[in-house]
Amino acid sequence: MRLYFLKIDMTDLNVQYISEEKREDLYKEIRELKENKIPTIAKRIDEARQMGDLSENAEYHSAREDMAWAQSRAKEIGYILDHAEIVSTQSDKSGSVNIGSTLMVAFDGGEKEFKVVGPHEADPLHGKISNESPIGEAFLGKKKGDKVEVETPAGTQAYKILKVF
């Protein structure tokens, strides 16, 4: 049986946009994984191995799954940090919406504040929208006073940018 592996050229992959705060959070998380969680899981695997028959050892299989998740998460964080571009939370002089910009918009008789962030920091319930989302992408490059229409699952939404800060 022959196995084939897909080789990825890392120079072709996208930049990961994150804030300074998110970078610090990721450094903390990867340190916690490498210094505490992975060694603890390795100890669980070793202890479970010593119990005998591995085919019916639920603790062994659970620990192996936990190890796979922890190692995968550590690789993911490493990739993000290796390809990170730190975005400023300050608006640029042009007044255009960029990654890191906060903007106030009017829509359907109400107002809402959004912050455009990279996909790793997106939290729509708290007004943090990804630059890769339809709404975030539509706002990029726009300025105060611009009107933006975005096609959403609920239909077309119209926004007017009131302020970029």
Report summary line: Checked against (1) modelled with pLDDT under 95; (2) surrounded by 14 or more Cβ atoms within 10 Å (Cβ to Cβ); (3) in contact with a Phe, Trp or Tyr (Cβ under 8 Å, 6 or more places away or on another chain), M51 satisfies every condition except (2)
Query raised in the report: If you go through region 144-156 one residue at a time, do you hit one that is among the polar types (S, T, N, Q) and under 23 Å from S19 (Cβ atoms)?
Result: no
Query raised in the report: What tally of residues in region 51-63 results from selecting those that are assigned to a helix (DSSP H, G or I) and more than 14 Å from T40 (Cβ to Cβ)?
Result: 3
Query - Subset of region 1-44 (residues that are among the β-branched types (V, I, T), surrounded by 17 or more Cβ atoms within 10 Å (Cβ to Cβ) and at pLDDT below 95) - result: I18
Query raised in the report: Mind checking which pairs have a first residue in region 60-82 that is on the phi < 0 side of the Ramachandran plot and free of Cβ contacts under 8 Å to residues at least 24 places away in the same chain and a second that is surrounded by 13 or more Cβ atoms within 10 Å (Cβ to Cβ) and small (G, A, S), Cβ under 9 Å, 6 or more apart or different chains?
Result: Y60/A48; H61/A48; S62/A48; A63/A42; A63/A48; R64/A48
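The values are calculated or read from the model by the stated rules, or taken from the named source; none is laboratory data. Predicted model, so just to flag it, every value in this text is computed and none were measured. A quick note on method: Cβ atoms are made from the backbone with ideal geometry, for glycine too, and the neighbour counts reach across all protein chains shown.
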